[in-house]
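Here is the structure we will look at.
The values are calculated or read from the model by the stated rules, or taken from the named source; none is laboratory data. Source: prediction; values computed, not measured. Positions of Cβ are backbone-derived with ideal geometry, glycine not excepted, and every protein chain shown enters the neighbour counts.
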């Protein structure tokens, strides 16, 4: 056990620091130790940065990556810890936009723009408005106080730890093979990348071709499911002629 | 990049931005004058000859006016909202060509960001962020009128994004690209009969309508109708922050005018005076002027429509989007797909579009009659 | 109370034809109308400070306080106008007329102070109708402004000055087509066929056997 911890302290340290930060920030009545939480959070981010920094590319790209990544992480933490649900929805929008920026950096402009249109443009706006209209008489009890802060944060960070551990395993293997730790493709999906010409990588053309050749069944099934959901919604919606609207 | 390239890049950014901001001020004057003429009035005529200095006077007034901040607002979001509106409206202009574009180094590009593969998708993505300005402004004002206006705006913009996107899909399929420059240049290569309006007239109509709804212009300005909502989301705004909302709206319709001209009306192309072959000295200026004339015509049409059609009721607005425009746009895309798949002559797209339009009209008449007979039976 | 079913009349929406359902012809017609107005541009508005509007004769502006034949204020301080005023904007302080002064020898009362708050006034003309001696009348003057509220409270001198300014103006006092709004005291008996001022042909009130009473035509 102790040997495992000493072996993986660089993975465990940021997780622990981050957990303390989020745990401190969780809404629990009027008193919050923001300063302390901020120190822990910054320490956690720095610890992540030193161990998990992607292979450094051009300076500008690194700056953008770090900015977007930090925006996404900080926005995510603030999203789940903010008292005000409207601000929480706005932090969610910031997280989405930051993730879109990361997509752009990884030459996936289509994914980035589609995410902005669908998530930031439509879903979060609707979401935001429902929240803004629902909170007429101040924030409710469940907004001022988290119900199980310790358990919730612990399970969340446990999940994150598992995720990072598996990623680290891959990254370690790829690094050992002399490849790029963060562009390693999991086994079984290499066939799909092979159908795309290298110069087309990331362009709209290749995305479309990949969607309608490699993933045609998935796309069709997803489309059918959405169609069924739409028809169901129309069937369940009240009808004017039946007098229930 | 050499120093020369940097200068060209900066100019390509700075010139359109400043021209647009100045043009918007004069578009507001034009709108006031046009509406005055339509209503048999004189319009603003005090500042300068024929009121030509009115935008300047307005600007001075907006800047010098007292900065009103109501006490019951959410300050941060209240200040942020007009900024978002202005920023997204100007940001969307990055992929819009404003002249004979080129991506060669050392040549003035006539577009801020040349060769963006995303093109239209970028435009829609940034345009969809525009609604944040309205919704945050409406909510942060802590005023029921503003909240209602913002609610209407968000529902409207989210609904009209779908026909807006679907109506350009036909053009995208025809050109095989989402890049506005590519779409424009392909039309120009085929001359006057290559303009997309001859192949996609229905889509152009849908795009124009959806674009007006998207930018909250009359007759779709339910978010800010004065009679019911005292001004909607900007009820609590004054001075420069109010001006920024108005500026955002005007930049938005200007951008949409450019996009409409470039997608459906051949961009800077005009028979005989500005074609792909014309290389006489000063041709670029003529090309820019042709494009600007087209944009100006679109803007004047929008302003004429403002005083022609009364404002929609909200259920009519939603009905128009979901029951009329989205099915029509879908059928139009299907038609283009059939033409592409079976290699039919694209000249038949014009009668095809007309046929779709007539079918929609017949279906509308029939469904209205059967709906009435159903209601009578009930 | 619920409406009985047989009393309900369902209004049917008009039948929509093919072209109406496509919206386009109506929009194009409307565009034609707006464009026509832009092209044949004939403004109907007045450029106010340069061109003054020609107001109708019954336009009711600010008040004046009339003078009698001896240039005294005509008002006898009877308080009828202040009582009639729906906006409660007239304040009169009455005083006994100075009997030793030969000018006032034939009068009992006169207004020591007479103030009208022109900001409160709704320009209804009730004071003018109430006045038994035609002392208070409205005038055609509409463009009065002031920088303070007290400036807009017109006292006796100001109101008399308004009279001096407007006494020869053809539009004063405001009147209907039938004649002056007030002026009952100028007739010793009611005229049998209406007043002496020109009467329009379709003026039902003037044709009535009793002037001033309007009967519905059949």
Residue within the stretch B:75-91 that is closer than 30 Å to residue B:188 by Cα, at pLDDT below 85, within 21 Å of the chain's Cα centre (by Cα) and away from every other protein chain (no Cβ under 11 Å) present: no
Looking at B:360, B:355, B:368, which one is within 14 Å of chain C (Cβ to nearest Cβ) and modelled with pLDDT of 85 or more? B:355
Scan the stretch B:252-272 and give yes if some residue there is under 30 Å from residue B:148 (Cα atoms), in a loop (DSSP other than H, G, I, E, B) and in contact (Cβ under 8 Å) with a residue 60 or more places away in the chain, otherwise no. no
Output the residues belonging to the stretch B:218-230 that are buried (at least 18 other Cβ atoms within 10 Å of the Cβ) and touching a helix residue (DSSP H, G or I) at 6+ places or on another chain (Cβ under 6 Å). B:218, B:220, B:222, B:223, B:224, B:229
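What's the total number of residues in the stretch B:297-315 that are assigned to a helix (DSSP H, G or I) and touching a residue at least 24 places away in the same chain (Cβ under 8 Å)? Can you show your working first?
Residues of the stretch B:297-315 that are assigned to a helix (DSSP H, G or I), as a first pass: B:297-306, B:314-315.
Next cut, touching a residue at least 24 places away in the same chain (Cβ under 8 Å) only: B:298-300, B:302-306, B:314.
The qualifying residues number 9.
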Scan the stretch B:332-346 residue by residue and report those that are in contact (Cβ under 8 Å) with a residue 12 or more places away in the chain and exposed (fewer than 14 other Cβ atoms within 10 Å of the Cβ). B:337
Assess whether residue B:318 counts as being in a helix (DSSP H, G or I), within 14 Å of chain C (Cβ to nearest Cβ) and touching a residue at least 40 places away in the same chain (Cβ under 8 Å). no
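Yes/no matrix, rows are residues, columns are (1) more than 30 Å from residue B:354 (Cβ to Cβ); (2) surrounded by fewer than 16 Cβ atoms within 10 Å (Cβ to Cβ); (3) facing chain B (nearest Cβ under 8 Å):
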position	(1), (2), (3)
C:3	yes, yes, no
C:10	yes, yes, no
C:13	no, yes, yes
C:19	no, yes, yes
C:23	no, yes, no
C:26	no, yes, no
C:34	no, no, yes
C:41	yes, yes, yes
C:67	yes, no, no
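Could you say which residue among C:70, C:109, C:120 is in contact (Cβ under 8 Å) with a residue 24 or more places away in the chain and under 23 Å from the mean Cα position of the chain (by Cα)?
Working: C:70 fails: under 23 Å from the mean Cα position of the chain (by Cα); C:109 fails: under 23 Å from the mean Cα position of the chain (by Cα).
Among C:70, C:109, C:120, only C:120 is in contact (Cβ under 8 Å) with a residue 24 or more places away in the chain and under 23 Å from the mean Cα position of the chain (by Cα).
Taking residue B:150 as the residue in question, decide whether it is within 11 Å of chain A (Cβ to nearest Cβ) and crowded, with 24+ Cβ neighbours inside 10 Å. Walk me through it before giving the result.
Details: within 11 Å of chain A (Cβ to nearest Cβ): yes; crowded, with 24+ Cβ neighbours inside 10 Å: yes.
Taking the combined requirement at face value, the residue satisfies it.
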Residue in the stretch C:134-170 that is farthest from residue C:64 (Cα to Cα), counting only those that are more than 16 Å from the chain's Cα centre (by Cα) and assigned to a strand (DSSP E or B): C:153
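A quick yes/no check of all residues on (1) closer than 17 Å to residue B:124 by Cβ; (2) surrounded by fewer than 24 Cβ atoms within 10 Å (Cβ to Cβ):
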site: B:246; (1), (2): no, yes
site: B:250; (1), (2): no, yes
site: B:256; (1), (2): yes, no
site: B:268; (1), (2): no, no
site: B:273; (1), (2): no, yes
site: B:283; (1), (2): no, yes
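Please work out which residue is farthest from residue A:207 (Cα to Cα), limiting yourself to the stretch B:109-147 and to residues that are free of Cβ contacts under 8 Å to residues at least 12 places away in the same chain and facing chain A (nearest Cβ under 10 Å). Before the answer, list the steps.
Let us first name the residues in the stretch B:109-147 that are free of Cβ contacts under 8 Å to residues at least 12 places away in the same chain, namely B:125, B:144, B:147.
In the following step, the residues that additionally are facing chain A (nearest Cβ under 10 Å) were identified as B:125, B:147.
Working: B:125: 18, B:147: 40 Å.
Across the stretch B:109-147, the extreme among qualifying residues is B:147.
Tally the residues that are without any contact (Cβ under 8 Å) to a residue 40 or more places away in the chain and away from chain B (no Cβ under 14 Å), restricting the search to the stretch C:43-65.
4
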Selected residue [at pLDDT below 70 and either exposed (fewer than 14 other Cβ atoms within 10 Å of the Cβ) or under 22 Å from residue A:79 (Cβ atoms) (or both)] from A:138, A:156: A:138
What are the residue pairs meeting all of these: first residue in the stretch B:32-54, first residue more than 8 Å from chain C (Cβ to nearest Cβ) and on the phi > 0 side of the Ramachandran plot, second residue assigned to a helix (DSSP H, G or I) and surrounded by fewer than 19 Cβ atoms within 10 Å (Cβ to Cβ), Cβ atoms under 6 Å, and 6 or more apart or on different chains? B:43/B:32
